[in-house]
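A short write-up of the structure that comes next.
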Amino acid sequence: MAGHWADFQYEIYLNGMTGAVPRLPTDLSRLEELAEHRLGPGPVGYVAGSAGTGSTADANRAALDRRRIVPRMLRDVRERDLSVEVLGRALPAPLALAPVGVLSIMHPEAEPAAARAAAAQGVPYVLSSASSTPMEQVAEAMGDGERWFQLYWPKDREVARSFLHRAKAAGYSALFVTLDTPLLSWRPRDLDRAYLPFLHGVGTANYFSDPAFRAGLAKPVHEDPNAAVMHFVGMFSDPGKSWPDLAFLRENWDGPIVLKGVLHPDDARLAADAGMDGVVVSNHGGRQVAGSVAAADALPRVVEAAGDRLTVLFDSGVRTGDDVFKALALGARAVLLGRPYVYGLGLDGQAGVEHVIRCLLAELDLTLALSGHASPRSPGPADLVEDPV
Ligand SMILES: Cc1cc2nc3c(=O)[nH]c(=O)nc-3n(C[C@H](O)[C@H](O)[C@H](O)COP(=O)(O)O)c2cc1C
Ligand SMILES: O=C(O)C(=O)c1ccccc1
């Protein structure tokens, strides 16, 4: 291997010899406050917010913080390799960018800038259905970067089929089907400000550019944008779906399918029985079920239920390299990163997202090395202890 992700550490110090310091903090947990300061409370409030009182988002952090790494010594960690195989692809590190919709509220370059950053660092980008830019344009921005498509399963079959067809044609190799958002949750922070970006048309680009979606409109989008938005609201999700419906996706998508938002081990078993390839153990960053189990606490039981039938990925609450280490030790193959890269985007566009990826992976590389591990597949449950509660 040419170098280590940890080399970013000395790159920063060496740049410092000319007086330069990083444009953004290297402690990624500080980005939210900085973003709020620089971008204002509106958009950042939407991103930072979660369901109910925010207790699930807090629990996500607590469940990671409560677990502590027990480092091992003298294990020759000179030659480290952070690459892992995920869904049949060799990734340079156990990381992908999570699907986050409506990114134009954070930065005018929105999803294409985040996607370019991911591609530049070799990290997969999961594009949201609720993107502010059509999926074809994001694909073009990424060149040969690895791209995965997140599906909010549209109520109309023809729109669903059209999305799958377009995603395949644009080179998205895996499908992430988000199950935890058949309805938007009760989000007091947004309710109190009566702020929902997609009612202003933000995050509708994939829909408004879709021939099957447009076929359901009485007038073209530009002639009656409000009607188009209301059509989107009715189309965007479908609380009527159940497990047998997955057969439709299996028939219409010939690549890997990952179910995002699985927390119960029985749901992992159902996913495997339905011929799915993986699950993301996630509570949507605490944005959906207030009071739900913390994602890290749900992970071990899902890993056990999945056995070798499913690839298990993880998100919700990851802020640092040691968080990634802990998720790997609990059995995740790789993690998705949410809010931190969104703040990086808001603060410094593509460069901000690259900064976030490089900081996180440098810290992960160092955490692995300093704990006696040369590979992300090496840590296991025995490398963690839990703080007494
Ligand atoms: C502003 C925002 C928008 C999101 N939009 C989507 C989305 O369109 N599709 C989806 O599957 N998940 C969406 N998520 C959830 C993320 O994919 C991910 O599960 C979550 O952010 C992980 O938690 P973290 O932010 O604590 O890392 C969104 C999250 C945020 C913060
Ligand atoms: O806000 C979210 O968590 C989310 O998933 C979403 C849903 C619809 C449009 C944009 C984002």
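The values are calculated or read from the model by the stated rules, or taken from the named source; none is laboratory data. As the structure is a prediction and not an experimental result, all values here were calculated from the model. With ideal geometry, Cβ positions are generated from the backbone for all residues, glycine too; neighbour counts draw on all protein chains shown. The accessibility values were calculated without ligands, DNA or RNA, using every heavy atom of the protein model including side chains. Shrake-Rupley method; radii C 1.70, N 1.55, O 1.52, S 1.80 Å.
Across the range 233-251, what is the total count of residues that are part of a helix (DSSP H, G or I) and away from ligand 2 (no atom under 16 Å from the Cβ)?
Within the range 233-251, residues that are part of a helix (DSSP H, G or I) and away from ligand 2 (no atom under 16 Å from the Cβ) number 9.
Can you name the residue in the range 313-324 that is part of a helix (DSSP H, G or I) and more than 12 Å from residue 60 (Cα to Cα) and is also farthest from the chain's Cα centre (by Cα) among such residues?
Checked the range 313-324; the qualifying residue farthest from the chain's Cα centre (by Cα) is 322.
List, please: which pairs have Cβ atoms under 6 Å, are six or more places apart or on different chains, and start with a residue in the range 258-278 that is away from ligand 1 (no atom under 14 Å from the Cβ) and end with one that is among the basic types (Lys, Arg) and modelled with pLDDT of 95 or more?
Taking only residues 6 or more apart or on different chains, the pairs are 265/301; 272/309; 275/250.
Select, from 250, 309, the only residue that is in contact with a strand residue (DSSP E or B) (Cβ under 9 Å, 6 or more places away or on another chain), open to solvent by 10 Å² or more (accessible area, probe 1.4 Å) and closer than 28 Å to residue 171 by Cα.
Being in contact with a strand residue (DSSP E or B) (Cβ under 9 Å, 6 or more places away or on another chain), open to solvent by 10 Å² or more (accessible area, probe 1.4 Å) and closer than 28 Å to residue 171 by Cα holds for just one of 250, 309, which is 250.
Could you pull out the residue among 298, 327, 271 that is open to solvent by less than 40 Å² (accessible area, probe 1.4 Å), farther than 23 Å from residue 148 by Cα, outside any loop (DSSP other than H, G, I, E, B) and among the small types (Gly, Ala, Ser)?
None of the other options fit; the residue is 298.
Among (1) farther than 22 Å from residue 212 by Cα; (2) within 13 Å of ligand 1 (Cβ to nearest atom); (3) assigned to a loop (DSSP other than H, G, I, E, B); (4) not polar (S, T, N, Q), which single condition is residue 189 missing?
Only one criterion is unmet by residue 189, namely (3).
Any idea how many residues of the range 286-308 are within 30 Å of residue 254 (Cβ to Cβ), in contact (Cβ under 8 Å) with a residue 60 or more places away in the chain and not polar (S, T, N, Q)?
1
With (1) more than 20 Å from residue 64 (Cα to Cα); (2) in a loop (DSSP other than H, G, I, E, B) as the list, and residue 291 as the residue in question, which single condition is left unmet?
All conditions pass for residue 291, except number (1).
Each row is one residue, and each column tells you yes or no for (1) within 14 Å of ligand 1 (Cβ to nearest atom); (2) at pLDDT 95 or above; (3) touching a strand residue (DSSP E or B) at 6+ places or on another chain (Cβ under 6 Å); (4) in a helix (DSSP H, G or I).
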{"position": "111", "(1), (2), (3), (4)": "yes, yes, no, yes"}
{"position": "116", "(1), (2), (3), (4)": "no, yes, no, yes"}
{"position": "148", "(1), (2), (3), (4)": "yes, yes, yes, no"}
{"position": "160", "(1), (2), (3), (4)": "no, yes, no, yes"}
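Could you give me the residue pairs with C-beta distances under 7 Å whose first residue belongs to the range 141-170 and is open to solvent by 80 Å² or more (accessible area, probe 1.4 Å), whose second residue is part of a loop (DSSP other than H, G, I, E, B) wherever it lies, and which are 6+ apart or on separate chains?
Taking only residues 6 or more apart or on different chains, the pairs are 155/238.
Let's see how each residue does on (1) outside any loop (DSSP other than H, G, I, E, B); (2) touching a strand residue (DSSP E or B) at 6+ places or on another chain (Cβ under 8 Å); (3) buried (at least 19 other Cβ atoms within 10 Å of the Cβ); (4) without any contact (Cβ under 8 Å) to a residue 24 or more places away in the chain:
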{"residue": "3", "(1), (2), (3), (4)": "no, no, no, yes"}
{"residue": "29", "(1), (2), (3), (4)": "yes, no, no, no"}
{"residue": "32", "(1), (2), (3), (4)": "yes, no, no, no"}
{"residue": "42", "(1), (2), (3), (4)": "yes, no, no, no"}
{"residue": "51", "(1), (2), (3), (4)": "no, no, yes, no"}
{"residue": "60", "(1), (2), (3), (4)": "yes, no, yes, no"}
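Sort out which residues of the range 357-387 are open to solvent by 50 Å² or more (accessible area, probe 1.4 Å) and under 16 Å from residue 296 (Cα atoms), and write them in order of number.
381, 382, 385, 386, 387
Look at the range 172-211 and say how many of its residues are more than 14 Å from ligand 2 (Cβ to nearest atom) and open to solvent by less than 30 Å² (accessible area, probe 1.4 Å).
Looking only at that region, the number is 5.
Do we have residue 84 as at pLDDT 95 or above, touching a strand residue (DSSP E or B) at 6+ places or on another chain (Cβ under 7 Å) and surrounded by fewer than 20 Cβ atoms within 10 Å (Cβ to Cβ) here?
Yes.
Select from the range 118-143 the residues that are part of a loop (DSSP other than H, G, I, E, B), closer than 10 Å to residue 97 by Cβ and touching an Asp or Glu at 6+ places or on another chain (Cβ under 7 Å) and list them in ascending order.
Hit for the range 118-143 is 124, nothing else.
Is there a residue being closer than 26 Å to residue 131 by Cα, part of a loop (DSSP other than H, G, I, E, B), away from ligand 2 (no atom under 16 Å from the Cβ) and out of contact with any Phe, Trp or Tyr (no Cβ under 8 Å at 6 or more places or on another chain) anywhere in the range 71-81?
Checked the range 71-81: no residue is closer than 26 Å to residue 131 by Cα, part of a loop (DSSP other than H, G, I, E, B), away from ligand 2 (no atom under 16 Å from the Cβ) and out of contact with any Phe, Trp or Tyr (no Cβ under 8 Å at 6 or more places or on another chain).
Of the residues that sit in the range 273-317 and are within 16 Å of ligand 2 (Cβ to nearest atom) and of a type in the set (A, V, I, L, M), which one is farthest from residue 98 (Cα to Cα)?
290
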